[in-house]
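S.K.: I'd like to ask some things about the structure below.
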Amino acid sequence: MGTELTSALELRLVVAGHTNVGKTTLLRTLGRSAEFGEVSASPSTTRQIHPLTLVSTPELRVTAFDTPGLESSGRLRELLEQETHGRHDRPAVIRQVLDSAEAREHFEQELRVLRQVMDSDVCLYVVDAREPVLEKYLDEIFVLALCGRPVLPLLNFTATPSSREQQWRDALAKLGQHTVVSFDAVVYSWEAERRLYRNLCTVHPRAEAALEGLIRVRGEESDWRLRGAARALADALIDLAACEDTAPMADAQAIDAAVSRIKQYAREREERLVQDILRAFNYAPEVMGQRLHSDYADGGWRHDPFSEDTLKYYGIRSLGPIAAGAATGGTVDVLAGGTTLGTGVALGAMAGLAVGARSAMRRAHRKLVSKRETLCVDDAVIRLVATRNLQLIASLQSRGHGSQQRLEPMAPGDMTAFRRATPRPLLQARDHHGWSDYPSAPAGSSAGREQTVERLQQQLLEQLRRSQG
């Protein structure tokens with residue numbers, strides 16, 4: 001296949017390097033796919049050429065190729081130097097060498113790589129920046145450069161304390177490789193990815209149009225992922241703030257049942273939220289399992305949102321149990337997971353605090369006229385759900401798909417949702433029971449919900465972007 005870019009903007013990018021330097025890990029991150037290829041600590045995990053489509057539209061197609069690791073570059077360099085000495089068309093000579101019996105016998109894996117390099121437009125040479133600068137790596141760059149394709153060295157794993165980035169830059173400069181890009185495939189940054197594509201433009205100017213298209217598409221996708229996750233969180237929070245249930249004031253068992261329904265709904269709604277967030281970042285919940293987060297296992301959050309200990313774990317301060325009727329001996333404390341104390345006891349406490357004015361009036365009316373208690377999710381629980389899922393979004397935003405490590409929770413207070421006051425969209429949701437998908441919510445009462453969700457989404461996005469500097 002030729003290497004000239006077509007009018008449809010097609011770019012073929014080959015990823016090469018020594019074995020176990022993170023080539024597949026890099027492509028998982030660039031491709032937003034945690035399942036591409038095979039990642040292992042064992043050497044020579046990748047044995048064949050594996051294509052990965054980064055972008056495919058009628059106007060633009062960018063394909064990256066994962067390749068086996070180079071291992072015998074020193075001997076191969078000696079052979080190629082001997083054959084290309086005094087020759088100007090080195091790629092033509094290399095093609096002849098690739099067809100020789102000697103090369104096929106001794107350099108089978110390297111030949112696959114070189115053929116793919118010559119059939120591609122540009123080569124990313126991946127370096128594990130934690131490794132010392134050795135001659136075998138420099139030999140590999142020399143051999144790849146003989147193929148006549150632009151080569152861009154990429155320093156991988158530069159975010160680790162053991163990175164030798166500057167040593168590598170100095171050594172590459174001595175080889176004439178002054179355009180070098182740092183990109184950590186585990187600690188993801190869209191800015192770093194954009195710099196990678198810009199540097200590819202520098203070493204391969206003819207691909208500029210295709211690479212600019214890739215930057216545009218990738219930028220839109222990055223913004224879409226963040227917006228999609230924030231939208232999922234806003235949608236769930238509106239559901240939780242709007243949901244409510246009722247029970248007769250004098251019926252302890254009915255109130256207990258309503259409390260259980262509210263709590264079960266809130267837990268299940270948060271489980272759906274986590275799955276929506278993972279999908280927004282192209283992670284499969286069933287694949288992540290316990291690798292995701294120390295507070296997340298088996299499809300749900302390990303720490304119960306209706307627990308004081310969970311609030312403390314995430315650094316959220318509770319105002320204490322709501323016990324409007326405690327003076328008569330009865331308490332319903334959904335926040336702390338409590339239930340009614342005894343059957344037949346006069347009850348007055350609520351499962352959650354209603355914030356909106358109309359909601360407060362509706363509850364008072366039910367108490368005075370209908371003798372029914374209104375139950376809903378407490379503000380502190382909603383803030384907890386917002387906080388730990390906001391932290392989840394922020395962590396996924398900076399996590400490369402090539403990472404094999406589970407996410408760890410942020411330190412308490414690093415990112416607490418709604419630190420100052422309950423957002424107005426949630427106050428409004430308290431007044432609109434029909435905005436929730438809670439089973440007993442009135443049908444056909446969702447007017448205005450979409451605009452409210454969008455306003456809350458925007459507030460969450462602003463907090464996420466502030467946290468990222």
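Just so you know, all these numbers are worked out from the coordinates, no wet-lab data involved. From a predicted model like this one, the values you see are computed outputs, not experimental measurements. Please note: Cβ atoms are built from the backbone with ideal geometry, for glycine as well, and neighbour counts cover all protein chains shown.
S.K.: For a quick check of your reading of the filter: which GluC sites (Glu not before Pro) in the stretch 59-141 sit in a DSSP loop and have no more than 14 other Cβ atoms within 10 Å?
M.R.: E59
S.K.: Tally Lys and Arg at +1 and Asp and Glu at -1 over the other residues with C-beta under 11 Å from the C-beta of E193: what net charge comes out?
M.R.: Net local charge, E193 excluded: +2.
S.K.: Determine which residues of the stretch 129-160 fall in the zone a paramagnetic label at E81 would reach in this model, i.e. backbone nitrogen under 15 Å from the point 7 Å along Cα→Cβ.
M.R.: It comes to 135-146, nothing else.
S.K.: Give the Debye-formula value of log10 I(q)/I(0) at each listed q (0.12 Å⁻¹), with one equal scatterer per alpha carbon of the stretch 10-203, two decimals each.
M.R.: Listed by q, the Debye log ratios stand at -0.56.
S.K.: Next question. How high is the FRET efficiency from I49 to R466, r the C-beta distance, R0 35 Å, rounded to 0.05?
M.R.: Here the calculated transfer efficiency is 0.20.
S.K.: I've got another one for you. Taking the Cβ of each residue in I316, I49 as the centre, tally the other Cβ atoms inside 10 Å and list the residues starting with the fewest.
M.R.: Ranked by crowding around the Cβ, least crowded first: I49, I316.
S.K.: Quick query: amide H of R372 versus all other amide H atoms, modeled in the peptide plane; which residues come in under 5 Å with a sequence gap of 5 or more or a different chain?
M.R.: Here M249, K367 satisfy the definition.
S.K.: May I pose another question? Placing unit charges on C-beta atoms (Lys and Arg positive, Asp and Glu negative, everything else neutral), compute the dipole magnitude of the stretch 10-203 about its Cα centre in debye, rounded to 20.
M.R.: 380
S.K.: Kindly put Y283, Y125, Y313 in sequence by how many other C-beta atoms sit within 10 Å of each C-beta, fewest to most.
M.R.: Y313, Y283, Y125
S.K.: Here is a follow-up. Just to confirm my numbers, what's the Cα centroid distance between the stretch 61-119 and the stretch 214-271 in Å?
M.R.: 56
S.K.: Want the number for Q458 to E102: 0.36 nm per residue separation, take away the alpha-carbon distance, what's left?
M.R.: Computed gain between Q458 and E102 is 121.8 nm.
S.K.: Quick one: which residues, 5 or more positions from R399 or on another chain, have an amide H under 5 Å from its amide H? H modelled 1.01 Å from N in the peptide plane, none for Pro or chain starts.
M.R.: Those qualifying (amide H under 5 Å, at least 5 residues apart or on another chain) are Y188.
S.K.: Additional query: Which cross-chain or sequence-distant (5 or more) residues have an amide H under 5 Å from the amide H of G17, H modelled 1.01 Å from N in plane?
M.R.: Residues meeting the criterion, in which the H sits 1.01 Å from N, are L70, V126.
S.K.: Ranked by Cβ crowding within 10 angstrom, fewest neighbours first, how are H106, H433, H178 ordered?
M.R.: Sorted ascending by nearby Cβ count, the order is H178, H106, H433.
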